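The values are calculated or read from the model by the stated rules, or taken from the named source; none is laboratory data. Predicted model, so just to flag it, every value in this text is computed and none were measured. Cβ sites come from the backbone with ideal geometry, for glycine too, and all protein chains shown count toward neighbours.
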Amino acid sequence: MPDPPGPGEAVSFDLHVKPLFRPLDQQSMKRHFDLWSYDDVSRHADAILARLGAGTMPCDGPWPEANVAVFRSWVATGKAR
């Protein structure tokens, strides 16, 4: 698991979001979009966030709330690369 952003640090896709997706997650979703692609995740961020919030993604069990909060913050603050 990546280190969460520090106080005042912007949430970054490359540093904070992408590492949350395991190789299994990336392979499972590859037919729909690439979870390791900034463009794909940014484009589908609202749907991903809805699934993460509902606990239906990833398919083998929900993320810890801290991980969902990182993703939610990334979306809310403009989806920095």
Looking at the range 6-29, which of its residues are among the hydroxyl-bearing types (Ser, Thr, Tyr) and either modelled with pLDDT under 95 or in contact with a helix residue (DSSP H, G or I) (Cβ under 7 Å, 6 or more places away or on another chain) (or both)? Ser28
Which residues, counting only those in the range 27-39, are more than 11 Å from the chain's Cα centre (by Cα) and either in contact (Cβ under 8 Å) with a residue 40 or more places away in the chain or part of a helix (DSSP H, G or I) (or both)? Gln27, Ser28, Met29, Asp39
Taking the range 61-81 as the search range and keeping residues that are farther than 12 Å from Val11 by Cα and free of Cβ contacts under 8 Å to residues at least 60 places away in the same chain, which one is surrounded by the fewest Cβ atoms within 10 Å (Cβ to Cβ)? Gly61
Considering the range 1-58 alone, what residues qualify as being under 18 Å from Trp74 (Cα atoms) and of a type in the set (Phe, Trp, Tyr)? Phe13, Phe21, Trp36, Tyr38
How many residues are within 17 Å of Leu49 (Cα to Cα), without any contact (Cβ under 8 Å) to a residue 60 or more places away in the chain, part of a helix (DSSP H, G or I) and not aliphatic (A, V, I, L, M) if we restrict to the range 9-26? 5
If we keep just the residues of the range 17-49 that are small (Gly, Ala, Ser) and over 23 Å from Asp3 (Cα atoms), which is surrounded by the most Cβ atoms within 10 Å (Cβ to Cβ)? Ser28
